[in-house]
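Presented below is the structure to which this report refers.
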Amino acid sequence: MNHSVLDVLMYLFETFSEQEHGEATDHGVLRQELLRAGFREPEVDRALDWLDDLASDPERPFPTAPGERSVRVFNAVELARLDAACRGYLVYLGHIGILSPLQREVVIDRLMALGAGEIDVEQVKWVTLMVLFSQADEENAFARMEDLIFEENTGLVH
């Protein structure tokens, strides 16, 4: 099977998000579980590194937090990997109050760290959910994001 780093991260998130913090952060246990689940070593190692980077200081890559009224300009690499739908979705999440400007930057950083090619909106949603889950005191934003991901489209017009 050919899995991406995001596949490994999603499996970890879905499997271990309800467990005690200590159990879910032991890399040795996680690594063995992921290998038993059929993921390959390179993807497992990259996913665990991705999580380590996420768990490190959330403001690490940013010398100063962007202001509430700042405008995000995407660089050439980001433009190549994040299409207009992804960029628009990130702006939307900011407008509805799910992501602060700093959290948006963390999400973009983590999306770029996936190492995959072009990124789609579903990947943006899952990475956003993981970033919010990793941050203390973000239960409301996490719950709202979770609703956006899992809400069923009934096709009914209100």
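No lab work stands behind these numbers, since they all come straight from the coordinates. Not measured: the values here are computed from a predicted model. Please note: Cβ atoms are built from the backbone with ideal geometry, for glycine as well, and neighbour counts cover all protein chains shown.
Debye sum, Cα scatterers, the range 65-158, no solvent: what log₁₀ I/I(0) at q = 0.16, 0.23 1/Å? Values returned for q = 0.16, 0.23 Å⁻¹ are -0.66, -1.27. Debye-formula intensities of the range 28-118, expressed as log10 I(q)/I(0) at q = 0.10, 0.23 Å⁻¹, are -0.34, -1.18 (one equal scatterer per alpha-carbon, no solvent).
Report note on the peptides 96-105, 68-77: ranked by the mean count of other C-beta atoms within 10 Å, highest first, their order is 96-105, 68-77.
Placing +1 on the Cβ of every Lys and Arg and -1 on the Cβ of every Asp and Glu, with nothing else charged, gives the range 65-158 a dipole about its Cα centre of roughly 360 debye.
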